[in-house]
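Participant: Mind having a look at this structure? Questions to follow.
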Amino acid sequence: MSRKVNAVLSAIFTIILFVGIPYFLPNYIPQEFITQVEQSGFDLNDFIYNIIIIGVVTASLTLIGGFVNPASINALIVKILQACLSLLFIIIFLGAGNILNLGYTTFDIAMEGINNTIIMDLSFFVYISIITILLKIIQVYFEWKEARIEMAPPGRIAP
């Protein structure tokens, strides 16, 4: 399969997974559950919109990445942006929709007159993800550099 067809199929899959499913999912969640989640301080609509925005941008970058020359600077920029978006997705997911908490989230749940506070500290996983994405960016750079060398005419060294 060619790179362009693969990019189009991947972009369609990304749109379905990160835009279609989150858009229609609230219609299938019981209203009582949504009310309880919103009372705990979790903004479900904001979380869903963040996922949808990341999905649209990721699908766009995937599509662009399939049509640019792998040895061009544009390919490097697209791959680095994709890695940064995956980090942003992880931070939003682990932070329960709040990017600034970096994985530290609190929920207040009141049931039958009893208040419970749930504290989730997933910041360790956020920091591991940051390190992983930084290593991914280094890998993307070396792959791009190798593609530039392969695309250079024989007897010439790529800049």
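The values are calculated or read from the model by the stated rules, or taken from the named source; none is laboratory data. Note that the structure is a prediction, hence the values are computed from the model and not measured. With ideal geometry, Cβ positions are generated from the backbone for all residues, glycine too; neighbour counts draw on all protein chains shown.
Participant: Does PHE24 satisfy being in a helix (DSSP H, G or I) and under 16 Å from the mean Cα position of the chain (by Cα)?
Facilitator: Against the criterion (in a helix (DSSP H, G or I) and under 16 Å from the mean Cα position of the chain (by Cα)), PHE24 does not qualify.
Participant: I would also like to ask the following. Within region 103-158, can you find the residues that are of a type in the set (Ser, Thr, Tyr), assigned to a helix (DSSP H, G or I) and without any contact (Cβ under 8 Å) to a residue 60 or more places away in the chain?
Facilitator: Once the filter is applied, which keeps residues that are of a type in the set (Ser, Thr, Tyr), assigned to a helix (DSSP H, G or I) and without any contact (Cβ under 8 Å) to a residue 60 or more places away in the chain, region 103-158 yields SER123, TYR127, SER129, THR132.
Participant: Among the numbered criteria (1) part of a strand (DSSP E or B); (2) of a type in the set (A, V, I, L, M); (3) loosely packed, with under 11 Cβ neighbours inside 10 Å, which one does LEU100 miss?
Facilitator: LEU100 satisfies every listed condition except (1).
Participant: Within the set of pairs 6+ apart or on separate chains, which have a first residue in region 54-78 that is closer than 20 Å to ILE149 by Cα, a second that is of a type in the set (A, V, I, L, M) and modelled with pLDDT under 90, and C-beta atoms under 7 Å apart?
Facilitator: Here the result reads PRO70/ALA147; ALA71/ALA147; ALA71/MET151, each pair linking region 54-78 to a residue that is of a type in the set (A, V, I, L, M) and modelled with pLDDT under 90.
Participant: Here are the criteria: (1) over 30 Å from VAL5 (Cβ atoms); (2) assigned to a helix (DSSP H, G or I); (3) within 22 Å of the chain's Cα centre (by Cα). Tell me which single one GLU38 does not satisfy.
Facilitator: Only one criterion in (1) over 30 Å from VAL5 (Cβ atoms); (2) assigned to a helix (DSSP H, G or I); (3) within 22 Å of the chain's Cα centre (by Cα) is unmet by GLU38, namely (3).
Participant: Condition first: under 15 Å from the mean Cα position of the chain (by Cα) and crowded, with 16+ Cβ neighbours inside 10 Å. Can you find one or more residues in region 66-79 that meet it?
Facilitator: Among the residues of region 66-79, at least one is under 15 Å from the mean Cα position of the chain (by Cα) and crowded, with 16+ Cβ neighbours inside 10 Å, which makes the answer yes.
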